[in-house]
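These notes concern the structure reproduced below.
Derivation of every value follows stated rules applied to the coordinates shown; laboratory data play no part. Computed from a predicted structure; not experimentally measured. Methodologically, a virtual Cβ is constructed for each residue, glycine included, from the backbone with ideal geometry; neighbour enumeration extends over all protein chains shown.
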Amino acid sequence: MIDVRLRKVVSHLKASDPRLGAVIARVGAYKQQFSEPGFASLARCIVYQQLNGNAAATIHRRLHDACKGPLTPDAILKLRPARMRAAGLSGQKLNYIRDLARQTRSGALDFRSIHDLSDDGVIAMLTQVKGIGVWTAHMFLMFSLRRPDVLPVGDYGIRAAIKKLYGLEELPKPAEMESIAEPWRPYRSVASWYLWRSLEVEVTL
């Protein structure tokens, strides 16, 4: 897990890759916020799928308001689908979140045991839920379970950042991303955070 060893992590990333080191120098301190690994966090990941941050945040806030409290399986299942659509959810996403709520309430998805699984095990378990793909599982691993060595190869922002930073002609495919990111192990989650931030600043190489 990502913890107080952060200085060691950042030093490793700087030493392993000068281009990433330039990003770190420009962006500054690592300031990632995390969420508790449970139903609410995974529901939030579904809301954020394929949306920009501001739009997703608005929909998530409306959904939270509709539940009149924390997002829980019971609170979601008490909402009528029309109320969820009014919050801004597509019909597909509201079905995904309701299915997630049913599986969580029934115990088919057990967040109490998820900490004991490997990264691949978490991905295998989560992607059995309707509407949860590898990208969503990667986000949950990084921002809820705080796993340190996740590279979200399907994330557009990460692909765009690597293309920009390494002067590639096209967006990289997963195999190329894995190759470029190999020196960052075992801290690719932190490296990914810096890649996202690199799209917001100018970096001189």
Legend entry - Neighbourhood net charge (13 Å Cβ-Cβ; Lys/Arg +1, Asp/Glu -1) for Ala25: +2
Inset, instruction - Using the Karplus curve 6.51 cos²θ - 1.76 cosθ + 1.60 with θ = phi - 60°, work out ³J(HN,Hα) for each residue of the range 130-137 in order, rounded to whole Hz, and write x for Gly and Pro. - result: 4, x, 10, x, 5, 4, 4, 4
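Could you rank the peptides 95-102, 50-57 by their average count of other C-beta atoms within 10 Å per residue, with the highest value first?
Most protected by this proxy first, the peptides run 95-102, 50-57.
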Inset, instruction - Would you kindly state how much longer the chain becomes between Phe34 and Ser113 on full extension, computed as 0.36 nm times their sequence separation minus their alpha carbon distance, in nm to one decimal? - result: 26.5 nm
Legend entry - Exposure proxy ranking, count of Cβ atoms within 10 Å, fewest first, for Thr127, Thr104, Thr72: Thr127, Thr72, Thr104
Legend entry - J(HN,Hα) series, the range 9-25, from Karplus relation 6.51 cos²θ - 1.76 cosθ + 1.60, nearest Hz, glycine and proline x: 4, 5, 4, 4, 5, 5, 6, 7, 7, x, 5, 5, x, 5, 5, 4, 4
